[in-house]
Amino acid sequence: MTGKRVAVIGAGMIGAQVAYRLQQGGAQVTLIDAAGPGGVATAASFGWVNASFHVDAHHYAIRAEGLAAWSRLRDDLDMPVSGCGALCWDDTPEALAAEGLRLRGLGYGAEDVQPDRFARMAPHVGTVPEHALFFPAEMAAESPTVA
């Protein structure tokens, strides 16, 4: 790729990432976006990075690779990406326990959270649930700033 001249159309999350990796490979990159840095969609999005919510095994695999790619990118650059994890309690205790088992079977970090731990982790939530899941690998990215 060294010495190649490449134009990337779209300066949002995906375009910025493509341009960055092409530059790393030695290409001379021109990034083009009518809306300017960050693009339109990225500027309006919340960058939650996860693989816990997926449709099937193929969808899980691509989301898990996306999570791994974000981890590598965060390690490469000083970026506003927080590895804060996520709590989930929007289902019955039985359904959450089953979901935790299913995710752990895929190799995804999903920890069962009992009420006392939940109260410590999220002290501002008014009603503490009977059961929750914690996904420690999940991240939040400040989308426009990252792009």
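The values are calculated or read from the model by the stated rules, or taken from the named source; none is laboratory data. All values derive from a computational prediction rather than experimental measurement. Reconstructed Cβ throughout: ideal geometry from the backbone, glycine too, with neighbour counts over all protein chains shown. Heads up: the accessible areas ignore ligands, DNA and RNA and are worked out on the full protein's heavy atoms, side chains in. Shrake-Rupley method; radii C 1.70, N 1.55, O 1.52, S 1.80 Å.
Here are the numbers for this structure:
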{"quantity": "Antiparallel %, DSSP beta bridges [both residues in region 18-147], to 5", "calculated": "100 percent"}
{"quantity": "Lys, Arg +1 and Asp, Glu -1 on Cβ, resulting dipole of region 44-103 about Cα centre, debye, nearest 20", "calculated": "120 debye"}
{"quantity": "Accessible-area value, TRP48, 1.4 Å probe, nucleic acids and ligands omitted, Å²", "calculated": "80 Å²"}
{"quantity": "Selection from GLY83, SER45, VAL55, by position along the positive dipole direction of region 37-96 (Cβ)", "calculated": "SER45"}
{"quantity": "Label zone at ILE62, where the point sits 7 Å out along the Cα-to-Cβ direction: region 2-33 residues whose backbone N lies under 15 Å", "calculated": "14"}
{"quantity": "Accessible area of the chain divided out per residue, in Å², using a probe of 1.4 angstrom", "calculated": "59 Å²"}
{"quantity": "The chain shape via C-alpha gyration tensor axes, a/c threshold 1.5", "calculated": "prolate"}
{"quantity": "Within the accessible area of the chain (1.4 Å probe), percent carbon and sulfur", "calculated": "58 percent"}
{"quantity": "Table column - 3J(HN,Hα) (Hz), region 133-147, Karplus curve with 6.51, -1.76, 1.60, x for Gly and Pro", "calculated": "10, 10, 10, x, 7, 6, 9, 10, 10, 6, 3, x, 5, 4, 4"}
{"quantity": "Among GLY3, GLY107, VAL128 - extreme Cα towards positive end, dipole of the chain, charges at beta-carbon", "calculated": "GLY3"}
{"quantity": "Helical contribution to [θ] at 222 nm, DSSP H n ≥ 4, -39,500 (n - 2.57), averaged over the chain, rounded to 500", "calculated": "-12000 deg cm²/dmol"}
